[in-house]
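Structure, as structure tokens:
No value in this document is a laboratory result; all are computed from the given coordinates. None of these values were measured; they are calculated from a predicted model. Counting neighbours? That spans all protein chains shown, and the Cβs are built from the backbone with ideal geometry, glycine included.
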Amino acid sequence: MFHSIASNYLMMVVTLRDGKSTFTVRGPETKATPLFCDADGEWMGINFRVGAFMPHLPVRALVDRDLTLPGVGERSFCLDGTAWQFPNYENADTFVDRLVREGLLVREPVVDVVLQGQLSDVSTRSVQRRFVRATGLTRKAIQQIERARTAMTLLQRGVSILDTVHEAGYCDQPHLTRSLKRLLGQTPAEIVGSTTLE
């Protein structure tokens, strides 16, 4: 078992277990989630940038969820009514390029504009609607996830907990602890402890 930590992006996972492959689309995760993995299974994941989404699969419906697509034979799965061969490490880039060419994977440019704090020519309401449509999350939720991941990286690099509070922008240590426990499944002390054990 391991904790899948909060993420702000769409992910595709190919699983090989007991000789059978499955294709799963995972949405953004707003909290740490325990996952069980069989010792004899194999997984390959493709993570997408924030703002990349599949128009026929609403991201909002995938938040904290996943969707396993139906298989079509041993080597294929069905995506938007068409059979697609399971991607592997060697052809993952080609697979993603094809998704883009077919219009099954698109990017919302307003997401980068909002995350960079730049003003947009579009109305605030329209920007919010497009942002949530593309990400499934609010800007604030994405910022909280990014801040928790930044704090984790700082702690793993050996930065003290108190310095991490300041550098990552938390109010105090309890604020950091609550955030990391909820979003990453570990307290700052647990992250520091697991880093020193490695």
Rounding to the nearest 20 debye, state how big the charge dipole of the range 152-198 is about its Cα centre with +1 on each Lys and Arg Cβ and -1 on each Asp and Glu Cβ. 180
Principal axis dimensions, the chain - Cα atoms, whole angstrom, descending: 53, 50, 26
How much length, in nm to one decimal, is gained on full extension between F2 and C171, taken as 0.36 nm per residue of separation minus their Cα-Cα distance? 58.0 nm
Given the DSSP H assignment, sum -39500 (n - 2.57) over each helix run of at least 4 residues in the chain and divide by its residue total; what's the result at 222 nm in deg cm²/dmol, nearest 500? -12000 deg cm²/dmol
Whole-Hz Karplus couplings 3J(HN,Hα) for the range 79-92, θ = phi - 60° and coefficients 6.51, -1.76, 1.60, Gly and Pro as x, run 10, 6, x, 10, 7, 10, 6, 4, x, 9, 4, 6, 10, 4
What size of dipole, in debye to the nearest 20, comes out for the chain about its Cα centre when the only charges are +1 on Lys and Arg C-beta atoms and -1 on Asp and Glu C-beta atoms? 840
Longest principal axis of the chain (C-alpha) makes with the long axis of helix 188-197 (C-alpha) an angle, in degrees to the nearest 10, of 70
Of the trypsin sites (Lys or Arg not before Pro) in the range 102-198, which ones lie in a loop per DSSP and count no more than 12 other C-beta atoms within 10 Å? R157
If one builds a Gaussian network model of the chain from Cα atoms under 10 Å apart, the most fluctuating residue listed among G71, G117, G185 is G117
R60-V100 pseudo-label distance in nm [points 7 Å out on the Cα-to-Cβ vector]: 2.7
Sort S7, S123 by Cβ crowding within 10 Å, fewest neighbours at the top. S123, S7
From zero outward in steps of 10 Å, how is the percent of C-alpha pairs of the range 78-145 spread across the bins? 17, 36, 27, 19, 1
Ranked by Cβ crowding within 10 angstrom, fewest neighbours first, how are L35, L10 ordered? L35, L10
Arranged by the count of other C-beta atoms within 10 angstrom, fewest first, what order do W43, W84 take? W43, W84
